Amino acid sequence: FLICILSFLFQHKDAYQVILDGVKGGAKEKRLAAQFIPKFFKHFPELADSAINAQLDLCEDEDVSIRRQAIKELPQFATGDNLPRVADILTQLLQSDDSAEFNLVNNALLSIFKMDAKGTLGGLFSQILQGEDIVRERAIKFLSTKLKTLPEEVMTKEVEEFILTESKKVLEDVTGEEFVLFMKILSGLKSLQTVSGRQQLVELVAEQADLEQTFNPSDPDCVDRLLQCTRQAVPLFSKNVHSTKFVTYFCEHVLPNLSSLTTPVEGLDIQLEVLKLLAEMSSFCGDMEKLESNLKKLFDKLLEYMPLPPEEAENGENAGNEEPKLQFSYVECLLYSFHQLGRKLPDFLTAKLNAEKLKDFKIRLQYFARGLQVYIRQLRLALQGKTGEALKTEENKIKVVALKITNNINVLIKDLFHIPPSYKSTVTLSWKPVQKADASQKRASEDTTSSSPPKKTSAGPKRDARQIYNPPSGKYSSNLGSFSYGKFGSGFRGGRGRGWGGRGNRSRGRIY
C-alpha cells in the first residue's frame, strides 16, 4: 500500500484513489490514509469531494487514535472554497465528548481562523443557526472564549462587522444564557468599544428586551427577560451612552407593578433586584420626555417605604403594637434614583407638590432619619475596633454593607432637608466596588461618598449569596442583599425549545 503511494502518486490519480479506498481497509491502512489523504490533497483537485468525504469517514472511526489523527489533519483541506465547509465540519465535531478530540477540534478551528477568519466564522454561524442544540451551544462557547485570544491582524474591522451582522440573526431566537454569551462576544469587539459602538449594543439589548411591548408583571418569563437584558445594558451606560429608554420603562411600567412581580428564580428578592437596577441606571439618564410624571411615580413608590411615625396615645406611648419596619435597602435604591432624577427637575418638591404633601414628606424623612441614626450607632459600635481578618467574617461583612447603606441614606436625606432641597451630594451605591478613601476623610466608615459616578465594570458581576442583617434591637428591618447576576430563566424570544417556540428537533446524523 505504501509502495503504491510513493511510486505512482504524482503520475496517476488512480494511485490517490487507492489511498482514498484505504479508509475501507484495516486499522493500518486507515492510519496511513489519515496521513496521506490530506498530504497530497492539493495535487488532485478533481478528487477534492471524495478526499474530504473519505477523511470525514476517518473522523468517525471507532478507533480513537484514527479519529484523532484524521481531525488533526483537517486544516490541510481548508483551501479556497473548501474552507467554509471544513469550518462547518469542525464546528459539528465540537460535540465530541472525548477531551483530547475536543481540544484537537478547537486547535484546528483556531488554525483555520488565522487562514480566513470570515470563512471560518461562516461555518460556525451556519451551525449556530441551523445545527443541533449541542453543536450550537458549544459553537457559541467557542466564540465567547476564543475570539478574544486572536490577534488584531485576524480580528479586522471587516471581520468584527461580520460577527455583529451574524450575531443579530442569532439573537432573533436565543435563550437567556445564549444572550449573555453573545453580549460578552460583542462587547469584547474592538470596533464596539467606542461611544457609537456601545450605543449600538444598548439598542440591541433594548430590542431584545421588547421595551415597546406591554409589560406583564405576573409572567415570570417576561420579568426575567427584562431583568437579564437590563443587567447586560447597565455596564454599557455612561455620560455619553444614556439609559433614558430603560429608566423610562422602569418608571412607567415596572414601578407601578413592583409588588406584583414574579420570578422563576427561587429565593430571589425580585423587588430589590429591580430597584437596584433602576438606581444604577438613574446616574446615566438623559433628557426624559415625561420627567415630571415619572419622577412622581418614583416619589410615590418612595413614600411607600418611608412610613409616617406611629400615633402617640395620651400617655405618650405608641398607640399601635409596634413601630413600622424600616426597609433600608429598598429606601437606598429609591432615594438614590429620586435624587439622581430630581437633579433634572430641582423644583419638583417645592413647586410641583402642594405644601401639605411636602410637609408630609419631611415628616417621613425626619422619622426615617431618627431610626437611621439609632441603626448607625448600633453598627458602628458592633464594628468598633475590628480590622483585617475580623472584618472578613460573614456577619461583619453584612454589618459593613449595612453601614454603607445607612450612611448613603443619611447623606441623601440631609440633601433633601435643605431649603430648597439640594441634589449636590454624591454617594457610591452600597453594592458597588468600594472607592479608596481620601486621606482627608475623618471617618473610614464614611467612604461611601465619591466625587464621580460609580464606575462600570466591563463584564457582568458575579452572583453573590443573599445577605440579610437583623438589627440587634428588632425595631428596624433591612434587606441587605448583594446584587444578583447569573441565574437565568428561559424568557427570551423563540426560547430555543424551552417553552418559547423552539426550533424543532434535529436528527443527530452527519450533515456535513
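Overview of results
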read-out	value
Whole-Hz ³J(HN,Hα) from phi, Karplus 6.51 cos²θ - 1.76 cosθ + 1.60, for region 377-391, glycine and proline x	4, 4, 5, 5, 5, 5, 9, 4, x, 8, 9, x, 4, 4, 7
FRET efficiency, 1/(1 + (r/R0)^6) with R0 22 Å, evaluated for residue 115 and residue 158 via beta carbons	0.90
Compactness of region 328-431 - radius of gyration and Dmax, Cα, Å	15.7, 52
Stretch gain in nm, segment residue 210-residue 193, where the contour uses 0.36 nm per residue and the Cα spacing is subtracted	3.7 nm
Simple spin-label estimate for residue 43 and residue 133 in nanometres, 7 Å along Cα-Cβ	4.8
Probe 1.4 Å, protein heavy atoms only - accessible area per residue of region 155-222 in square angstrom	46
Efficiency of FRET from Cβ geometry, residue 17 and residue 381, R₀ 60 Å, rounded to 0.05	0.10
Cα gyration tensor category, rounded, prolate or oblate, for region 202-264 with a/c compared to 1.5	prolate
Mean Cβ neighbour count within 10 Å, used as a protection proxy, ranking 48-55, 118-125, 148-155 highest first	118-125, 48-55, 148-155
Theoretical FRET efficiency, 1/(1+(r/R0)^6), r = Cβ-Cβ of residue 354 and residue 395, R0 45 Å, to 0.05	0.50
Length-normalised contact order for region 328-431 - Cα pairs under 8 Å, 6+ apart - percent	39
Residue 81 versus residue 366: modelled label distance in nm, points set 7 Å from Cα along the beta carbon direction	8.5
Within the accessible area of region 328-431 (1.4 Å probe), percent carbon and sulfur	56
Share of carbon and sulfur in the accessible heavy-atom surface of region 126-225 [1.4 Å probe, %]	48
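The values are calculated or read from the model by the stated rules, or taken from the named source; none is laboratory data. Computed from a predicted structure; not experimentally measured. Heads up, the Cβs are rebuilt from the backbone with ideal geometry, glycines too, and the neighbour counts pull from every protein chain shown. Ligands, DNA and RNA are stripped out before the accessible areas are found, and what is left, the full protein with its side chains, is counted by its heavy atoms. Shrake-Rupley method; radii C 1.70, N 1.55, O 1.52, S 1.80 Å.
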